[in-house]
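Novice: Encoded as structure tokens, here's the structure I'll be asking about.
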Amino acid sequence: MTLPHTPPPGSAAPHAATSAPTPVAAPTTSYWLKNFTPAAAPRHAPPRPPAPARQPAAAPAQLPAAADVVIIGGGIAGVSTAYHLRKSRPELQVVLLEARQLSHGATGRNGGLLWPALNAPWLKTAARYGPAEVQRMMAFELQCLREVTDFIRHNKLEEEVRYSPFADGAYYVYDTPGEMEAELAELGLMQQFGIHTDVQPLSRAQTRALLRTDAYAGAVRQPGVARVWAARLVAALARMAAEAGPAAGLTIAEGVRVSGVAPLAEGEALPALDEVCAWMDQEEGEGAAGAGSSSSSNNIVPMGRAGGGGGGKPSPAALSASLCSEALDPSATPLLKVSTACGSSVLARRVLHCTNAYGSALLPELRGALVPVRNHVAATQPPSAGGPDLPLDAAFYARGGFVYWSKREDGRVVLGGFRDVAPGLEWGVWDDGALDPQVSAALHAYLPQHFPDAFKGAAAAAGGGGGGGSRLATEAEWSGILGFTQDRFPFVGPVPGRRGQFLAAGFSGHGMTRTFTCGRILADMVAGTSPPDPAFPATWLPSTARLGAATPEVPGPEMAAGAIYAV
């Protein structure tokens, strides 16, 4: 339901990142990336056009000198934004820069779950934003799930991206009666506002019968949860983005690390005309309004369409006009210079930061407000290869969301979390090239301890005896970096004080459901083709009021302060 992500009693004091987080050079390899390459043909799927040509690392001359939009980050958020921009404005030149390869950040390192949830404590969120706004957030969450599901189904991508709902649903399981009682109390408050009215509490006896273990005091079943292979989804989005407009209008450059974004300095030389956006017609060069006397040489299309068809005003019901109006005004936006570590640069009208946990590296005002947090995940062998065979085709959360696992399409188990056993909760850690030994040990021990019968064979194969001290045999184990905000909701929209720059980051360990639609929202804001979606929560905009320090515990009243529901 809410997954509060609160630290366990006695845990060490948290620490925020004190230097700029950047992707490490040698990350661990996830099961998702190890077993998939974009060139691999999907099983039982019709032939498809090739994906867009991807530029190799460190080839400065191969990057366009200028573009309408530069997107930084090649996960779901960034590639979804590129796809939706190409669908709505195919005439624009879009450049996507990724420091590693597509999906090699959090997108390719998660648990592969489309699980709708608030992802924050209900009471604290309602105290801060009001129950009506929390209702809006949860309604938008469900809209996000529908959009990504409809996209997959409409384009017949189910097999390619390994999408399928869990036949037996999803379960929150509880170690103690007290934990379950507190969760049900909060659930009752949410249901008063129409949230999670379709969930089903289960007693200890019912849970034991379903899961064939006596390890839990009870559970709550939630329908409507699905699995997906996110790296495959990104590959499909990149391919479809290429199909949506002229081939020269999309450049995806992997292995290109962005070192800075800044307005073009007054008097700074512009690239020669034949180097700037050569794919456009000369008459579109007038689009660089507001860039000064050299505007006709910049040859950059404005975001608003000619004839007043673009740059629509934000809906007051959805967005704060004071935050968005200037950012959406093409004439008010300077040219931005995007510099890269390989020495090249790209001029752009809009720069979109889709870098999640790494956002503060280029936007230092986010330091402390957007904190990297390391997560651990592992995948077993499928049952057909000697892996464990868990009961139910389902997904599970335990320990308030610190532990999760699910059965995949081939029967294998993907499980992750466990950072609550680390003294610092992995807070402020962005090294996904290493594993924490304490977290890894807890991860390997958990399922054999809680499902000894199902894991007996797997534990024996790993050298254990099938008992509570067995270590789980895995095919792959890896780490990934989450980006947490103070309130656990993402920053989506224009960056305060930085004209022409936008942000989609801080998904706080819950990006799988939200990132596809947030990419569309960002594309709509940037393209100016229509008013922003009125369903989008205004509270997700990256306003200065939201840039408070992110800590392991969400600030606000605890469950005892239920009086706010009297309003």
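Every read-out reported here was derived from the displayed coordinates using simple, explicitly stated rules and does not represent laboratory data. A quick note: this is a predicted structure, and the numbers were derived from the prediction, not measured. Glycine gets a Cβ as well: all are built from the backbone with ideal geometry, and neighbour counts include every protein chain shown.
Novice: Does anything in the range 348-388 have its amide N under 18 Å from the 7 Å Cα→Cβ label point of residue 35, and if so which residues?
Specialist: Counting only backbone N, you get 377-388.
Novice: Another question, if that's okay. Can you compute 3J(HN,Hα) from phi for each residue in the range 216-231, using the Karplus curve 6.51 cos²θ - 1.76 cosθ + 1.60 with θ = phi - 60°, rounded to whole Hz and x for Gly and Pro?
Specialist: Values, residue by residue: 10, 7, x, 7, 10, 9, 10, x, x, 9, 9, 10, 7, 9, 5, 5 Hz.
Novice: In sequence order, what are the phi-derived ³J(HN,Hα) couplings for the range 348-355 according to the Karplus relation 6.51 cos²θ - 1.76 cosθ + 1.60 with θ = phi - 60°, rounded to whole Hz, with x for glycine and proline?
Specialist: 8, 7, 10, 10, 10, 8, 10, 10
Novice: Can you give me the long-range amide H partners of residue 96? Hydrogens built in the peptide plane at 1.01 Å from N, cutoff under 5 Å, separation of 5 or more residues or another chain.
Specialist: Counting only residues 5 or more places away or on other chains, the set is 71, 251, 252, 253.
Novice: Please give the contour-minus-distance gain from residue 339 to residue 259: 0.36 nm per residue of separation, less the Cα-Cα distance, rounded to one decimal in nm.
Specialist: Difference between extended and current length: 28.2 nm.
Novice: Which far-off residues, 5 or more places away or on another chain, put their amide H under 5 Å from the one on residue 475, with H placed in the peptide plane?
Specialist: For residue 475, whose amide H was placed from the backbone, the distant partners under 5 Å are 379, 380, 381.
Novice: So who's got an amide H within less than 5 Å of the one on residue 29, skipping anything under 5 residues away but keeping other chains? H placed 1.01 Å off N, in plane.
Specialist: The answer is none.
Novice: What order, most packed first, do the peptides 219-225, 63-69, 184-190 have when packing is the mean number of other Cβ atoms within 10 Å of each residue?
Specialist: 63-69, 219-225, 184-190
Novice: Right, next: Hey, can you rank 100-106, 26-32, 491-497 by average C-beta count inside 10 Å, highest first? Intermediate values should be presented prior to the final figure.
Specialist: Values: 100-106: 24.3, 26-32: 20.1, 491-497: 22.3.
Result, highest mean Cβ count within 10 Å first: 100-106, 491-497, 26-32.
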